[in-house]
Amino acid sequence: LTPHMEVLGVTLCSGLERSSIPFIGNGESRRPRLAPWQAYPPLTVCLLLSSSLASWSLNYINFPTKVVFRSCKLLPTMALAYVMGNAKRFSYVEIGSAMAVCAGLITFAAGDWSLSKPQFHPFGLTLVTLSVFADAVLPNAQEKLFRTYDASKSEVMFFTNIYTLVVQTVSVLLSGDLMGMFNFLMGNPVKEVNYFSGLMADTNSTANQQNELAENEDEMMSTSTSGEIRHTFILYVMAYILISHIAVSAHTAVVKKFGGVAAVFVGTARKGMTLILSFLLFPKESNWKYAAGATLVLGGLTVASLEKQRNKRKTSTQHQGTSSEEQKILVPIIPFSSDHNQSEDHLSNVNGDRGTIEHQGLDVELGRSSSAVGGNGPERRR
């Protein structure tokens, strides 16, 4: 039910952002949609597959195995960005940094395997792999949509999540989670009816786990129902919805401005910093895997940041060199017709005066005066 609440919160908040409510909305709902509606169903499919397949895989694998696979999302995102034309070829330093960050997250998660060792099931591994692939396609598809149609952030968030909300609402209704959540908020006990339990349960261990969870939920509901509305829990839900909208909005803004790979890299770094911060705030038993994982994550982030700065300086230097070469090129100024005629008259006058001076000098050399040349006086010889 958590993904449904997240999608619900993002849809409501992005709808308010697009509205014309003073001090809240930006009025985009009055303007026509920039991207066609056919561009959003692929994003909806990717979002649904990313969340549903990951949750479904937990019926066959445990949580540490899911964390290991989900930590490697950055590498397929970079590969798809190159295939889809969203990014140029990545350098070896960038690829090595991404691999270091992913390996660090896996090593950090391996520190908890003493408590819960990973479980590998072929069908569960297939589901979690498909969810990682869908999660890698989503930011690249969003980046492609931003570049093609120049759509706004709130438009992409709203139309992507509203289609997802419709599908997920039908899903949680059939699974019984939505009614169970409603009755829990109202303080009423209820026994959920999951119509998907027959499809989900495949092995005896999975069926036993579901029966144990159902028994635990029944005991919790029987001991905690008071018939009163749970106001505190509703406040928690509202806070979670608001925080989810802020997180998704920031992620989408990074996709729009810097690209899908940068957004996934920031998300992966956030996950690593969350693990490190949780280790510092809630000390655990010392383990070399925690130190090695933290070193790989921080080292990969540092190298990636330095490589980014080096590429930026290189690009700025090339730009300055190109601009200086352009300034050295002298472009001749062609005058207008009137100025051109004036310049021609001036040149003709100068040439005429120069010819007259040369002609007079020749006459003087021959012993003739200007008057003799003009025919007004007698010719005088040396």
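Coordinate-derived values only; no laboratory data. As the structure is a prediction and not an experimental result, all values here were calculated from the model. Positions of Cβ are generated from backbone atoms using ideal geometry, with glycine treated the same way; all protein chains shown enter the neighbour counts.
Brief remarks on what is shown
- When each of the peptides 287-294, 153-160 is scored by how many other beta carbons lie within 10 Å of its residues on average, the order from highest to lowest is 153-160, 287-294.
- The peptide list 266-273, 72-79, put in order of mean Cβ contacts within 10 Å with the highest first, becomes 72-79, 266-273.
- For a label point 7 Å along the Cα-to-beta-carbon line of Met84, residues of the stretch 255-285 with backbone N under 19 Å: 255-269
- Here each label is just a point 7 Å from Cα along the line to Cβ, and for Val167 and Leu58 those points are 2.0 nm apart.
- Theoretical FRET efficiency, 1/(1+(r/R0)^6), r = Cβ-Cβ of Val237 and Leu277, R0 30 Å, to 0.05: 0.80
- Cross-link pairs Lys144/Lys312; Lys66/Lys289; Lys73/Lys271 - those with Cα-Cα distance over 20 Å: Lys144/Lys312
- Spin-label pair Val266/Ser316, simplified geometry with 7 Å Cα→Cβ offset, distance in nm: 2.1 nm
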